[in-house]
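The values are calculated or read from the model by the stated rules, or taken from the named source; none is laboratory data. Quick caveat: nothing in here was measured; it's all calculated off a predicted structure. We place every Cβ from the backbone using ideal geometry, glycine too, and count neighbours over all the protein chains shown. Surface areas here come from the heavy atoms of the whole protein model, side chains and all, with no ligands, DNA or RNA. Shrake-Rupley method; radii C 1.70, N 1.55, O 1.52, S 1.80 Å.
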Amino acid sequence: MGSVVEKSALIICGDYMEDFEVMVPFQVLQAFGVRVDCVSPTKLPGQKCFTAIHVSLGFEVKSLLFHHTCMVSSHQGPETKHYSELPGHSFTLNSNFNEVEVGCYDALVIPGGRFTELFSVDDRVLSIVKAFAEAGKPIVTTCHSQLILAAAGLLKGKKCTAFASMKPVIELAGGIWWEQPGITSPFDITTCLKDGNILSSIGWPAHAEILKTLFESMGARIHTTKANSVLFLCGDYVEDYEFNVPFRALQALGCKVDAVTPSKKKGETCVTAIHDDEGAQAFSEKRGHNLVITANWSDVSVYDYDCLVVPGGRSPELLVMNDKAVTLVKEFAEKNRVIAGVGQGQWLLAAAGVLKGKRCACGDGMKVMVKIGGGELEESKGCVSDGKLVTAVGWPALPSFISHLSKLLGLSLSF
């Protein structure tokens, strides 16, 4: 998915930045040929930043946090569910903060999270942000990273949105507070607000619109041969990145994207899992964000979708024991639809007979399953396409996976 003109973006990172708000732009931009450099003050390339998962676990705070938090009724008065912070993946930096040259980049991304409090008083960070603003280059802020814009004096006269507690910060900095109407839960958050070169959003649920607006601001054009509909087959403990990153990327490209599971209804949630390399023989597992089911199982028809995606994690082990899930995969294959699997997703594809005679990419944990399922291992590749089948070893290969999958769906992006 190469660009005619090479583009590049800078992400300023720090400990306890929001996991999705760094990884989603990092991987999706790379999928379409954008070079992405990730830096942090006091840290060198190869070192890691801790990330945080910000998600509602149902804890209630007796205060009004504006409309976009999840309101619940109570005889004691209005209450709101506040988000919790859980440990996310470790994120590896790939460039040196002290060698940043703003002129080498086309866009800046500042994830949300608590690290922004420290960086808002770091003159080195503010100098870089101001230089992007002076050059008129797009600056993406989400959730709490608008604090850095305020500290840099960039909000005067600018419309800006953020997590609702940031309203007084934005207004005191001379900005104009804007809030997406109709928000009753975090999952209604869909808008990225653009005012000049400032792109702002309440947070990660709006990543589809954030990515689309960022692409446009960088001069990109999305090309498609037809409208596409994509179905993600999920379950509890689906891998967090392997669901969310391609889900948001495909939405940003204009696809209709649904998530479904046999045992839950539209609007219910699945818990996701974070599988992280912490130096053990196998990846550790931590709890991830909540995933919202967007379609009822009884309403799903293979005729309504062009593609089926099966993310990994431990959910495929649950799904492989469900005849309805296995049958659905078989139906997609029989109708010659595009089928894609990531990581442990190959478990379900093998059980449905989809891998027979096909070249496949997979991690160590799936090699036996691919072999006995009749697949041919491509051990040197992170992602492989064979006909209408796309397979990837796991979330580190998502940029290649998104690129391969987009190509099969007739989608491309050029600058």
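A few remarks follow.
- Flag: residue 377 does not match the condition of being closer than 17 Å to residue 262 by Cα and of a type in the set (A, V, I, L, M, F, W, C).
- Looking at 302, 292, just one residue is more than 24 Å from residue 88 (Cβ to Cβ) and surrounded by fewer than 18 Cβ atoms within 10 Å (Cβ to Cβ), and that residue is 302.
- Selection within the stretch 143-168 - touching a helix residue (DSSP H, G or I) at 6+ places or on another chain (Cβ under 9 Å) and of a type in the set (A, V, I, L, M): 147, 148, 149, 150, 151, 152, 154, 155, 162, 166
Residue-wise test of (1) part of a helix (DSSP H, G or I); (2) modelled with pLDDT of 95 or more; (3) assigned by the TED database to the domain that holds residue 142; (4) within 17 Å of residue 27 (Cα to Cα).
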| site | (1), (2), (3), (4) |
| --- | --- |
| 182 | no, no, yes, no |
| 190 | no, no, yes, no |
| 194 | no, yes, yes, no |
| 199 | no, yes, yes, no |
| 205 | yes, no, yes, yes |
| 208 | yes, yes, yes, yes |
| 213 | yes, yes, yes, yes |
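- Criterion (free of Cβ contacts under 8 Å to residues at least 24 places away in the same chain and hydroxyl-bearing (Ser, Thr, Tyr)) met by exactly one of 224, 190: 190
- Answer from 68, 89, 54 - the residue that is modelled with pLDDT under 95, open to solvent by less than 30 Å² (accessible area, probe 1.4 Å), under 25 Å from residue 34 (Cβ atoms) and not hydrophobic (A, V, I, L, M, F, W, C): 89
- Spans of strands (runs of 3 or more DSSP E) in the stretch 258-325 with at least 3 residues among the basic types (Lys, Arg) and under 22 Å from residue 53 (Cα atoms): none
- Residue 330 being assigned to a loop (DSSP other than H, G, I, E, B), surrounded by fewer than 22 Cβ atoms within 10 Å (Cβ to Cβ) and not hydrophobic (A, V, I, L, M, F, W, C): no
- Being in contact (Cβ under 8 Å) with a residue 12 or more places away in the chain, assigned by the TED database to the domain that holds residue 404, at positive phi and not basic (Lys, Arg) is a condition met by no residue of the stretch 316-335.
Yes/no per residue for (1) closer than 20 Å to residue 400 by Cα; (2) open to solvent by 50 Å² or more (accessible area, probe 1.4 Å):
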site: 345; (1), (2): yes, no
site: 351; (1), (2): no, no
site: 354; (1), (2): no, no
site: 360; (1), (2): yes, no
site: 366; (1), (2): yes, no
site: 374; (1), (2): no, no
site: 379; (1), (2): yes, yes
site: 384; (1), (2): yes, no
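- Matching residues in the stretch 113-130 - criterion: being in contact with a strand residue (DSSP E or B) (Cβ under 9 Å, 6 or more places away or on another chain) and of a type outside the set (D, E, K, R): 113, 115, 116, 119, 125, 128, 129
- Residue count for the stretch 270-281 under the criterion of being surrounded by fewer than 16 Cβ atoms within 10 Å (Cβ to Cβ) and touching a residue at least 12 places away in the same chain (Cβ under 8 Å): the result is 2.
- Among the helices (runs of 4 or more DSSP H) confined to the stretch 333-415, the ones with at least 3 residues that are over 30 Å from residue 222 (Cβ atoms) are located at 345-351, 367-372.
- Per-region count, the stretch 34-51, residues assigned to a loop (DSSP other than H, G, I, E, B) and buried (at least 19 other Cβ atoms within 10 Å of the Cβ): 2
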